[in-house]
Amino acid sequence: MHDALIIALGSPVYVGIYDEKGQLIESMKNDGMGSDVLPLIFEDVLKRYSLKHLIYANGPGSFMGIKVAYLFLKTLSIVRNIPLLAIDGFFFNENHPIKAVGKLYFVKNSNTIGVEPLDNPVLQGFELPQTIDVKNFNTDSAPYYGIDAVG
């Protein structure tokens, strides 16, 4: 049994497959939109792996990216009876700011996520970890949006 870890907070979309010991054994990256690439990636993944957990970055990030990932993965979780776990996106970028809108960025201090205006933030892309421990992920997999939708 394997674990699948998904980062779909925008583009690109990352998917990592981890073995029983939590070691990354395969990684995928696709620059397409989550709504287009997640079904294609998982069509292939589900043919090759039996999944024990689905783990995803539940925010903050692109509202649409978070919604698409959650709906897709929650549906897959229900249909295939695979537990869905979550963790915030800061886990995948060494706690660097994440773009919100305009000059606003999501920042994490201790365990609190907030939104702050930043003029010259040090940004870092998301990366799949080489190892994971499923005990570190949350069973509450609801999306985290952080700020109201901007019209």
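Observations, loosely collected:
- Members of the stretch 73-102 found to be assigned to a helix (DSSP H, G or I) and out of contact with any strand residue (DSSP E or B) (no Cβ under 9 Å at 6 or more places or on another chain), listed by number: THR75, VAL79
- Among the residues of the stretch 127-151, the ones that are touching a strand residue (DSSP E or B) at 6+ places or on another chain (Cβ under 6 Å) and farther than 13 Å from ILE87 by Cα come to 5 in all.
- Residues satisfying the stated conditions in the stretch 103-144, i.e. touching a Gly at 6+ places or on another chain (Cβ under 6 Å), closer than 15 Å to ASN58 by Cα and assigned to a loop (DSSP other than H, G, I, E, B): LEU128, PRO143, TYR144
- PRO83, sole failed condition from (1) more than 16 Å from PRO143 (Cβ to Cβ); (2) at pLDDT below 95: (2)
- Residue, nearest to the chain's Cα centre (by Cα), within the stretch 34-72, restricted to residues that are part of a loop (DSSP other than H, G, I, E, B) and on the phi < 0 side of the Ramachandran plot: ASN58
- Among the numbered conditions (1) closer than 21 Å to TYR105 by Cα; (2) in contact with a helix residue (DSSP H, G or I) (Cβ under 7 Å, 6 or more places away or on another chain), the only one that PHE91 does not meet is (2).
- Filtered by the rule that a residue be within 24 Å of LYS29 (Cβ to Cβ), among the hydroxyl-bearing types (Ser, Thr, Tyr) and exposed (fewer than 15 other Cβ atoms within 10 Å of the Cβ), the stretch 95-140 gives a lone residue, THR131.
The values are calculated or read from the model by the stated rules, or taken from the named source; none is laboratory data. Because the structure is a prediction, the values reported are computed rather than measured. Glycine gets a Cβ as well: all are built from the backbone with ideal geometry, and neighbour counts include every protein chain shown.
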